[in-house]
Amino acid sequence: MKGIFIIEDEIVVAKDIECILSAEEQFKVIDIATSYEIARRKLRMVKPDLILCDINLKGPRTGIDLMGEVMQQYNIPFIFITAYSDVETLEKAGRLKPHNYITKPFNEKQLISSVKIALLASDNTEVSTPTDRELSVIKLLAKGLSSKQIAEILSISSSTVETHRKNLIAKYGINKTAELICLATAKGWVNYQE
């Protein structure tokens with residue numbers, strides 16, 4: 001079971017996140033902090049597998065400030081959760097390379113998928129590398145190609161491409177092709193500069 005630490009200044013939102021994650025057997029919310037200071041104090045006592053952190057916390061310090069410290073001191077993967085998606089906020093958050101960035105309001109599936117991907121991407125022992133053929137399919141999916149187009153390029157049938165896609169989704173415990181591409185990007189299997 002993976003331990004998750006929630007840092008969110010709106011307790012109603014934090015409890016909602018806790019409720020969603022607690023419904024999943026593989027997740028356990030190990031603590032909630034409602035401010036920068038409380039989070040820093042609790043991080044000395046808890047060792048989560050993942051942190052979900054709001055960017056705008058009450059007070060002068062932000063979630064971005066806090067996750068910068070976490071990266072230096074603890075090396076714990078994190079996901080930013082925020083109502084802000086403006087370019088400046090995205091750039092500041094992006095410099096820290098979070099495992100994901102969820103904008104409020106979010107739905108249950110988005111949250112669970114993001115958490116699963118972040119945990120898979122940060123835990124090398126649990127994720128097997130795709131086979132060469134699977135990797136070829138993933139790379140072409142990441143380019144936005146359809147199953148028919150991929151089949152033509154790889155000289156296989158469309159149904160074989162669909163089988164690979166379904167098997168990959170099952171193999172990594174995710175729900176959609178987009179999540180597969182996110183995981184592949186996080187793991188470095190797909191490089192958009194190729």
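The values are calculated or read from the model by the stated rules, or taken from the named source; none is laboratory data. Since the structure is predicted, the reported quantities are computational estimates derived from the model, not experimental observations. Here Cβ is always computed from backbone atoms with ideal geometry, including for glycine, and neighbour counts include all displayed protein chains.
Structure notes:
- Ser122 being within 24 Å of Glu18 (Cα to Cα), surrounded by 18 or more Cβ atoms within 10 Å (Cβ to Cβ) and out of contact with any Gly (no Cβ under 6 Å at 6 or more places or on another chain): yes
- Enumeration of residues in the range 73-88 that are buried (at least 19 other Cβ atoms within 10 Å of the Cβ) and either more than 13 Å from the chain's Cα centre (by Cα) or not in a loop (DSSP other than H, G, I, E, B) (or both): Phe78, Ile79, Phe80, Ile81, Thr82
- Against the test of being more than 30 Å from Asp16 (Cβ to Cβ), assigned to a helix (DSSP H, G or I) and hydrophobic (A, V, I, L, M, F, W, C), the options Ile138, Ile169 yield a single qualifying residue, Ile138.
- Test: residue in the range 96-111 that is crowded, with 16+ Cβ neighbours inside 10 Å, over 28 Å from Glu8 (Cα atoms) and aromatic (Phe, Trp, Tyr): no
- The range 1-22, subset at pLDDT below 90 and more than 15 Å from Ser114 (Cβ to Cβ), residue surrounded by the fewest Cβ atoms within 10 Å (Cβ to Cβ): Met1
- Members of the range 1-41 found to be of a type in the set (S, T, N, Q) and touching a residue at least 12 places away in the same chain (Cβ under 8 Å), listed by number: Gln26, Thr34, Ser35
- Criterion violated by Ala118 - all others in (1) at pLDDT below 90; (2) over 20 Å from Asp54 (Cα atoms); (3) assigned to a helix (DSSP H, G or I) satisfied: (2)
- Exclusive hit being loosely packed, with under 15 Cβ neighbours inside 10 Å and part of a helix (DSSP H, G or I), set Ala151, Ala178: Ala178
- Residues in the range 29-72 that are surrounded by fewer than 22 Cβ atoms within 10 Å (Cβ to Cβ), charged (D, E, K, R) and not in a helix (DSSP H, G or I): 6 in all.
- Qualifying residue in the range 148-155 (condition: on the phi > 0 side of the Ramachandran plot and not assigned by TED's automatic domain parsing to the domain that holds Asn75): yes
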